[in-house]
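Engineer: Below you'll find the structure I mean.
Nothing in this text is a laboratory measurement; each read-out follows from the coordinates by a stated rule. Quick caveat: nothing in here was measured; it's all calculated off a predicted structure. In this analysis, Cβ positions are derived from the backbone assuming ideal geometry, glycine residues included, and neighbour counts consider all displayed protein chains.
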Amino acid sequence: MKKILFLLAVILIFSQQPASAHSKLESSNPEAGATETEPLKEISLTFNTRIEESSTFTLSREGGEEVQVDNITIDDDTLRGTIPQDLENGAYTVSWDIVGADTHVIKDSINFTVQLPDQLEEKTEEAPADEEPKADEPEGEEKKDTETASENNTESQNSQILLPVIGGILLVAVIVIAVISMRKKR
Ligand SMILES: [Cu+2]
């Protein structure tokens with residue numbers, strides 16, 4: 001019986017570990033939901049753990065059009081990439097696909113807005129009628145996107161924490177039943 005309890009304890013401890021070492025974004029440049037008013041040259045994503053070599057990210061404009069990112073590098077817990085061309089004003093999404101220290105694949109994203117003053121002036125001269133309603137829209141949508149992303153994030157994290165716990169409970173139940181039935185036979 002002591003052996004079984006020991007085994008149970010070991011299994012429970014190991015099944016909990018992946019959840020606690022789970023990799024998630026700790027900080028970024030630009031920050032989630034930020035409005036950039038100066039040209040952006042680099043994007044960096046820092047996670048709470050070391051990330052594996054196969055980790056990467058993409059940058060896309062609102063609507064899905066992908067924007068070129070060069071020299072994606074991984075430095076321990078940080079993923080970096082440079083942006084070769086100036087970004088036009090608008091809403092952008094940084095989507096990462098990383099492999100964390102616990103070998104879990106994590107996919108998530110943040111949004112940010114580029115709003116360079118020069119471009120605003122140019123646009124206002126070109127099409128003053130269109131500019132006003134558009135100016136507010138991206139920010140509203142952007143906030144919604146960020147909320148959804150963080151909700152999704154907590155949901156997936158919850159399920160990843162819950163799964164081993166449920167697995168552990170099931171395992172305990174199965175072993176207890178097995179032990180009881182073994183005793184009855186004696
Ligand atoms: Cu994980």
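Engineer: Sort Asp70, Asp102 so that the residue with the fewest other Cβ atoms within 10 Å of its own Cβ comes first and the one with the most comes last. Kindly include the intermediate steps, with their values, before the conclusion.
Structural biologist: Numbers: Asp70 10, Asp102 15.
The most exposed by this proxy come first: Asp70, Asp102.
Engineer: Can you give me the long-range amide H partners of Ser23? Hydrogens built in the peptide plane at 1.01 Å from N, cutoff under 5 Å, separation of 5 or more residues or another chain.
Structural biologist: Ala101, Asp102
Engineer: Let me ask another. Using the number of other C-beta atoms within 10 angstrom as an exposure proxy, rank Ile72, Ile106, Ile83, Ile51 with the fewest first.
Structural biologist: Listing Ile72, Ile106, Ile83, Ile51 from fewest to most nearby Cβ atoms yields Ile72, Ile83, Ile106, Ile51.
Engineer: Across region 56-72, in residue order, what do the Karplus-derived ³J(HN,Hα) couplings come to in whole Hz, using 6.51 cos²θ - 1.76 cosθ + 1.60 with θ = phi - 60° and x for Gly and Pro?
Structural biologist: Working through the residues one at a time gives 8, 8, 10, 10, 9, 7, 4, x, x, 5, 7, 10, 5, 10, 10, 6, 6 Hz.
Engineer: May I ask you to evaluate 6.51 cos²θ - 1.76 cosθ + 1.60, the Karplus curve with θ = phi - 60°, for each residue of region 101-111 and list the ³J(HN,Hα) values in order in whole Hz, giving x for glycine and proline?
Structural biologist: Using θ = phi - 60°, the values come out as 4, 8, 6, 6, 7, 10, 10, 7, 8, 10, 10 Hz.
Engineer: Among Arg80, Arg50, which comes first, then next, by fewest other beta-carbon atoms within 10 Å?
Structural biologist: Arg50, Arg80
Engineer: Starting at the first residue of region 91-99, write each ³J(HN,Hα) from the Karplus equation 6.51 cos²θ - 1.76 cosθ + 1.60 with θ = phi - 60°, in whole Hz, x for Gly and Pro.
Structural biologist: Here the 3J(HN,Hα) series is 9, 10, 10, 9, 10, 10, 9, 10, 10 Hz.
Engineer: Plugging the Kirkwood radius over Cα pairs into Stokes-Einstein for region 65-114, at a temperature of 20 °C and a viscosity of 1.002 mPa s, what D comes out in µm²/s?
Structural biologist: 171 µm²/s
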